[in-house]
Structure formats: structure tokens, C-alpha cells
1. Quick check on packing: order 186-195, 74-83, 47-56 by the mean number of other C-beta atoms within 10 Å, highest mean leading.
2. Just name one of GLN156, ALA141, SER129: the one whose Cα is farthest towards the positive end of the charge dipole of the range 46-163 (beta-carbon charges, Lys/Arg +1, Asp/Glu -1).
3. Mind jotting down the distance between the C-alpha centroids of the range 78-154 and the range 323-387, whole Å?
4. Could you pull the accessible area for TYR197 with a 1.4 Å probe, rounded to 10 Å²?
5. All other residues with a Cβ under 14 Å from the Cβ of CYS83 taken together, and with Lys, Arg as +1 and Asp, Glu as -1, what is their net charge?
6. List residues of the range 69-111, by number, whose backbone nitrogen lies under 19 Å from a label position 7 Å along Cα→C-beta of ALA140.
7. Mind giving me the nanometre distance, one decimal, between the label points for LYS357 and LEU225, set 7 Å out from Cα along Cα→Cβ?
8. Accessible area per residue of the chain at 1.4 Å probe, in Å²?
Amino acid sequence: ASVLKLTPMIRDWPGESQHQRAVFGLEVLRAVGTDTALMALNGIAQKLKFQGLKEKAKVMMEGIAQARGLTREQLADRIVPDCGLDEMGGRIFDFGPRQFKFVLGAEMKPLVRDAAGKVKPDLPSPNSSDDKDKAEAAIAAWKLLKKTLKEVLKIQAERLEDAMITGRRWAPQEFEMLLVKHPLIVNLARQLVFGCYDGQGAVQSTFRITEDQSLADSNDDPCDLPGAGSIGVVHPAHLDEAAKSAWGQVLSDYEIIPPFQQLGREICRPEPGDLDLTSITRFKGPKIPGIVVYGILERCHWAKDIPADNGGFMQHSKHFPAANVTAFIAYDPGLSMGYYEEPQQIHSVYFVPGHVKPDWWGNHDNKLPIKAVDPVVVSEVLRLVHAIVAKGE
């Protein structure tokens with residue numbers, strides 16, 4: 001509860017000329033050290049408009065990960081709080097004669113189900129037949145759970161969407177431990193379709209996680225995790241129309257609403273004239289407010305190049321591990337630290353092999369032909385560019 005009160009203040013303090021207080025707040029989160037505290041610290045490291053504090057949080061998370069022998073992503077998987085949910089992802093709120101069970105509804109909204117199976121948005125008021133002490137304790141626990149879930153589910157849904165976009169994979173044993181058996185994450189994972197991938201990154205089969213934490217295919221037949229390969233949130237570009245239709249029917253039958261666009265996600269394909277090029281430059285023209293360009297890229301976890309001496313930078317990049325490429329979105333005339341008002345044009349979109357970290361005025365001569373880049377990567381990058389350009393004039 002203290003972490004949930006402290007974290008919003010840490011996020012606000014730099015804007016109130018209280019940077020050092022905010023840094024001390026980060027130290028407090030690290031010292032508390034619970035899953036909730038480290039998840040809050042990781043959330044600040046991923047997304048915050050105050051770059052100095054964001055970098056401090058990143059350094060802390062990298063230090064914690066290194067001390068545990070994990071990558072940042074692996075650490076983030078392991079610090080998801082269970083929010084007091086049981087091993088099946090449920091929780092009972094006990095009024096004595098009456099009990100209510102937690103369920104996760106549409107748009108990740110926490111709900112309760114009564115003994116008759118009726119789903120309600122909130123616990124009812126206690127009545128004369130209820131145990132007063134139990135009811136009061138249950139209501140207090142429910143309020144804390146709702147407050148915790150609001151922050152936790154948002155962060156974890158974004159992480160799962162990013163896993164789909166970047167091709168993040170888990171070994172079967174990791175997947176079972178960190179997603180299927182995790183009390184909180186399983187509630188989100190039940191709303192998604194997963195794929196079993198071979199060593200070349202091809203989908204071999206697809207499945208979903210059921211209410212009893214078993215696995216089922218698109219025919220609703222039981223299935224098992226493979227002994228080898230890897231598991232990932234399946235991207236619709238990896239499915240044919242028949243598979244998407246079958247899964248769409250399953251989700252509809254069970255009234256499952258994913259926490260982000262998955263099966264119905266728009267797939268953006270390059271134009272024929274783009275395929276032999278190493279840079280797509282056809283988005284020049286519309287002028288987009290600089291703060292919009294910067295804001296969209298930062299929210300989607302793209303990294304800006306290291307600012308030059310005058311604080312300027314002209315592109316953001318994102319690494320796609322499964323495809324082993326780094327994508328770049330370059331804009332012109334460029335932005336400066338603390339000044340994002342000047343309108344920008346999308347100068348070019350290009351891809352470089354491997355994991356390329358941000359640099360000063362990054363200039364890359366080993367750009368890949370567009371036809372050589374994984375279609376999922378191209379689709380996601382073009383989808384983002386379209387969203388940015390749509391904000392232009």
C-alpha cells in the first residue's frame with residue numbers, strides 16, 4: 001500500500017523541482033524490494049517524461065538484474081506481484097455467510113462473482129446476516145486489490161503486447177512457471193492466443209490457457225506444451241485466415257476480450273516498390289508536432305539516439321530479438337532535449353542487423369533490404385509510422 005502511494009509522487013517530483021527527492025524515492029523502492037516495489041521501479045525505468053530520473057531507474061534495474069544473473073526482461077518476468085491471488089488466479093472475499101470470487105472482466109476491469117454466478121462491478125454493502133468484522137476486512141482487501149490491479153495489469157498488458165511485437169519467447173518450462181502458474185499473469189494470459197515456435201521461428205501449433213490452467217487448441221481439444229522449442233504471444237501475421245477465424249470463434253464463444261489487439265490487429269505490408277530498397281522514405285510530407293512524435297515513440301518503448309553536444313537527436317530505434325534486427329525511425333529536422341515543439345517529418349524507416357544500441361547521430365551503412373526483414377517487424381514498424389503520420393497536417 002505504501003509503494004502504491006509513493007510511486008505517483010516519485011513520478012511527479014521532478015516536475016516540481018524535487019529531482020533529488022525523486023531519486024531518494026527510487027532508492028526507497030529498491031530498499032523495500034518487494035515484487036510490487038521492483039515492478040514500480042521497472043515501470044519508471046520504462047516510461048517517464050523526466051529523462052534523468054528514468055535513466056536512474058534503468059541503472060538500478062540493470063544492477064538488480066546483473067546481481068541476480070538475469071536480463072532486464074527476465075527480471076521483469078520474476079517481479080510481478082501476485083496481489084494476494086491464489087494459485088489459480090482467484091481470490092475469495094468472505095462476508096461469513098456470503099462469499100464473492102474475484103474475476104477479471106473486459107478491459108482488465110476487476111469484478112466479483114457471487115454464489116449464484118452473477119458478476120458485479122463491486123462488493124455489495126454488508127447486511128444484517130453478514131459477519132461484520134469479516135465483511136469490513138473483505139471490503140478493505142477488495143479496495144486495495146482494485147488499486148493495485150489498476151497499475152499492475154496496465155504494466156503487464158503492455159509487456160505482453162511488446163513481447164508479441166518484438167518476438168519475445170519463453171522456454172516451455174519458463175512459460176509454465178512465469179505465465180501459466182503465476183496467480184496474476186494467468187488472468188491476462190487466459191485472454192490471449194499463444195504459439196509454439198521451432199528453432200527457425202516458425203509456428204508449429206497454437207493454444208490458449210483455460211480456466212483450470214490446462215491448455216486447449218482452436219478445436220477446444222486438450223494439448224500439452226512441447227518438450228523443446230519456445231512459446232510466444234502469437235502475432236496474427238504468423239497465422240493464416242482459417243486459423244484466425246477459428247480462434248476468433250473460440251474467443252467469441254467464451255466471451256474473451258484480449259487486453260490489446262491481437263487477432264484483429266492491422267497488418268501493414270510494404271509496397272512493392274519498397275522491397276528492394278534499404279530505406280522507406282515515402283512518409284515525407286506531413287508535418288507532425290515534435291511532442292507527438294517523441295511521445296508516441298517513447299510510449300511504445302523506442303529508444304532515442306544519444307543526444308549530441310547541443311542536445312539534439314534525429315531518430316529512435318527498437319530491437320526485435322526474434323528477428324535479430326534493430327529498426328530505426330528517423331525524423332527531420334530533429335528534436336532537442338527539453339524542446340519538442342518543432343514540427344517533424346518522417347525522414348526514413350530502415351533496419352540494421354543485430355542489436356544496435358543508441359549512438360550519437362547514429363549513421364548506419366549496413367541497412368537491410370526491406371524484403372530481407374521479418375514481415376512481423378516490418379508490419380509493426382509501419383503500423384507505428386502510420387499512427388504517427390496520421391497526427392500530421
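The values are calculated or read from the model by the stated rules, or taken from the named source; none is laboratory data. The model shown is predicted, which means the values in this text are computed figures rather than measured ones. No Cβ is skipped: glycine too gets one built from the backbone with ideal geometry, and neighbour counts run over all protein chains shown. With ligands, DNA and RNA removed, areas are computed over all heavy atoms of the protein, side chains included. Shrake-Rupley method; radii C 1.70, N 1.55, O 1.52, S 1.80 Å.
1. Result, highest mean first: 186-195, 74-83, 47-56.
2. GLN156
3. 44 Å
4. The accessible area comes out at roughly 10 Å².
5. +1
6. Residues passing the 19 Å test: 83-85, 92-97, 100.
7. About 3.2 nm, to one decimal.
8. Solvent-accessible surface per residue comes out at 48 Å².
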